[in-house]
Amino acid sequence: MSGHAITSLKESMPIIYSNEGVWEGWYRYFDIDGNKIGEHRSRLLCRFPDENTYHQTNLYFWEDGRTEFRDFPSRVEGNKLVFYTLIDGWAAEVPLDTFNRTTMLNWTRNDDPDLYLYEMIQVSDCRKYRARVWQWFKGGHLIKRTLVDETFVTRDWASYEDNYEPPTFS
């Protein structure tokens, strides 16, 4: 074994690690002209089951009663998360952000390899609020944007694993 100290996930990716728990909010979709084309509520369960794994479950709720659940397991490789199931991509902290608020993501969807997205996540200093921006590109052209506003609910993600009741629509 080398003389290098092994750092914990909390030390190597503190911004990403600080997102562990339950987040609720709104996803709002906009066309390239800035017109809102859709919205729904969300609940995200963000968890680190062990030092080499990140697992995110997204629960989406529309006002008309529709629901959609997506599961995104990933693995830790160096200082990034690597997604490999419904999407292929990565998430990494932005070292140039000396305020330690920014994470960037890039992914393609396995069912549409011509579509790729970039996402920027900003977390507040108190770690209770997040704002996310998705840029959607298809065939090299911007086709839509998603804005996500979220509030931290609890670190106790396990108590929400079987909770499929939608957040309130207020």
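The values are calculated or read from the model by the stated rules, or taken from the named source; none is laboratory data. Note that this is a predicted model, so its numbers are computed, not measured. We place every Cβ from the backbone using ideal geometry, glycine too, and count neighbours over all the protein chains shown. Just the protein is used for accessible areas: all its heavy atoms, side chains included, with ligands, DNA and RNA removed. Shrake-Rupley method; radii C 1.70, N 1.55, O 1.52, S 1.80 Å.
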* Length released on extending from GLN122 to ASN100, taking residue separation times 0.36 nm less the Cα-Cα span -> 7.0 nm
* How large is ³J(HN,Hα) for each residue in the range 12-17, as worked out from phi by the Karplus curve 6.51 cos²θ - 1.76 cosθ + 1.60 (θ = phi - 60°), to whole Hz, x for Gly and Pro? -> 7, 9, x, 5, 4, 4
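Give the relative contact order (percent, whole number) for the chain; include only Cα pairs under 8 Å separated by 6+ residues. Present the calculation step by step, with values, prior to reporting the outcome.
Numbers: 373 pairs, mean separation 37.6, N = 170.
It comes to 22 percent, rounded to a whole number.
Summing Lys, Arg as +1 and Asp, Glu as -1, what charge do residues with Cβ under 15 Å from the Cβ of TYR164 carry, TYR164 excluded? Kindly include the intermediate steps, with their values, before the conclusion.
Numbers: positive: ARG41, ARG43, ARG66, ARG70; negative: GLU24, GLU68, ASP71, GLU161, ASP162, GLU165.
Spelling it out: positives minus negatives among the neighbours equals -2.
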* Extending each Cα 7 Å along its Cβ direction at GLU161 and GLU39, get the distance between those two points in nm, one decimal. => 3.3 nm
* Asked: When the accessible area of the chain is split by element with a 1.4 Å probe, what percent falls to carbon and sulfur?
  -> 53 percent
* To do: Kindly report the accessible area of the range 1-93 per residue (heavy atoms of protein chains, probe 1.4 Å, no ligands, DNA or RNA), in Å².
  => 51 Å²
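Which value results for Rg/Rh of the chain when Rg is the Cα radius of gyration and Rh the Kirkwood radius based on the inverse mean 1/r? Present the calculation step by step, with values, prior to reporting the outcome.
Working: Rg = 16.4 Å, Rh = 17.0 Å.
Rg/Rh for the chain comes to 0.97.
Say a site is exposed when it is one of the GluC sites (Glu not before Pro), sits in a DSSP loop, and has at most 14 other Cβ atoms within 10 Å; what is then the longest site-free stretch of the chain? Don't jump to the answer; show the numbers that get you there.
Working: sites that count: GLU51, GLU63, GLU161.
The longest uninterrupted stretch comes out as 64-160.
Just to confirm the filter: which chymotrypsin sites (Phe, Trp or Tyr not before Pro) across the range 137-170 are DSSP coil and have at most 16 other Cβ within 10 angstrom of their Cβ?
Working: sites: PHE137, PHE152, TRP157, TYR160, TYR164, PHE169; in loops: TYR164, PHE169.
Passing both the DSSP loop test and the Cβ count: TYR164, PHE169.
Could you tell me which trypsin sites (Lys or Arg not before Pro) in the range 1-105 are loop residues by DSSP with no more than 11 other beta carbons within 10 angstrom of their beta carbon? Mind showing how you got there, number by number?
On the way: sites: LYS10, ARG28, LYS36, ARG41, ARG43, ARG47, ARG66, ARG70, ARG75, LYS80, ARG101; in loops: ARG66, ARG101.
Within the range 1-105, the qualifying trypsin sites (Lys or Arg not before Pro) (loop, at most 11 other Cβ atoms within 10 Å) are ARG66.
What is the dipole size for the chain, taken about its Cα centre, with +1 at each Lys and Arg Cβ and -1 at each Asp and Glu Cβ, in debye to the nearest 20? Spell out each step's value before the answer.
Numbers: 20 positive and 27 negative charges, 71 e Å.
With only Lys, Arg, Asp and Glu charged at Cβ, the dipole is about 340 debye.
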* **Dipole magnitude of the range 86-170, debye to nearest 20 (Cβ charges: Lys/Arg +1, Asp/Glu -1, about Cα centre)** => 380 debye
* Tell me which lysines have Cα within less than 19 Å of LYS128's Cα, excluding those fewer than 8 residues away on the same chain? -> LYS10
* By accessible area with a 1.4 Å probe, ligands and nucleic acids excluded, highest first: order of THR98, THR108 -> THR98, THR108
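Rounded to the nearest 0.05, what FRET efficiency do SER18 and GLU63 have when you use their Cβ-Cβ distance and R0 = 25 Å?
Details: r = 31 Å, r/R0 = 1.23.
According to the calculation, E is roughly 0.20.
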* Asked: Mind checking which lysines have their C-alpha under 22 Å from LYS138, skipping anything on the same chain fewer than 8 residues away?
  -> LYS36
